[in-house]
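What follows draws every value from the coordinates through simple rules; no lab data is involved. Since the model is a prediction, treat every value here as computed from it, not as a measurement. Neighbour counts run over all protein chains shown; Cβ positions are idealised from the backbone, glycine included.
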Amino acid sequence: MFLRDARERLAPRCGAAVLALSALLLPLHASAGGGDPDNGESVVRNVCVTCHKLPDGTGNAVGPPLADTIPADGWSAEAVEENVNLPHHASAKAQVSQPDYADIAAYLNQFR
Ligand code: HEC
């Protein structure tokens, strides 16, 4: 009897604890998937400015200004990678390593 009472009393609190924990973990998860914008910036400044302008005016207008290319819901690592895999990006692709794509997305998404 005591145990059942305890379970009935604890169960709702347990649910609340799980909710509170997910609220804490969700932002962590989002930033983990979001990449490192500082590394993204250094890759973009080293590689992409040969052909793209940044909002501060750095770069060349061979392709569109990068801030104008951001989809409404932001770049994902996968979408940046697909883009850099296109033939006109062959020279850029050679200088980017796979983990950089999430970082490039995180950097560019700051200009949304
Ligand atoms: C050698 C020149 C060159 C370099 C280096 C370069 N790009 Fe581009 N990029 C282009 C050109 C040209 C276009 C336009 C292609 C078109 O409109 O068909 C373009 C287009 C884009 C677009 C627009 C795609 C769209 O859907 O509108 C994105 C995003 C992009 N580049 C990202 C990058 C990133 C990130 C890098 C660095 C890793 C990079 N580019 C390096 C030439 C370059």
Simple label model, 7 Å out from Cα along Cβ direction - Gln110 to Ala94, nm
2.9 nm
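Relative contact order of the stretch 35-112, please, whole-number percent, based on alpha carbon pairs below 8 angstrom and at least 6 residues apart.
Details: 110 pairs, mean separation 36.3, N = 78.
Relative contact order, the stretch 35-112: 47 percent.
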Ordered by residue, what ³J(HN,Hα) values in Hz, to whole numbers, does the stretch 89-103 give under the Karplus form 6.51 cos²θ - 1.76 cosθ + 1.60, where θ = phi - 60° and Gly and Pro are x?
9, 3, 5, 6, 4, 4, 9, 10, 9, 3, x, 5, 5, 5, 5
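Set the Förster radius R0 to 25 Å, insert the Cβ-Cβ distance between Ala61 and Asp36 as r into 1/(1 + (r/R0)^6), and round the FRET efficiency to 0.05.
0.40
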Taking every alpha carbon pair in the stretch 35-112, what does the distance histogram look like in 5 angstrom bins from 0, in percent?
3, 18, 29, 32, 16, 2
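Relative to the Cα centre, what is the charge dipole magnitude of the stretch 70-112, using +1 at the beta carbon of each Lys and Arg, -1 at the beta carbon of each Asp and Glu, and rounding to the nearest 20 debye? Each step should come with its number before you reach the end.
On the way: 2 positive and 6 negative charges, 29 e Å.
So the dipole magnitude of the stretch 70-112 works out to roughly 140 debye.
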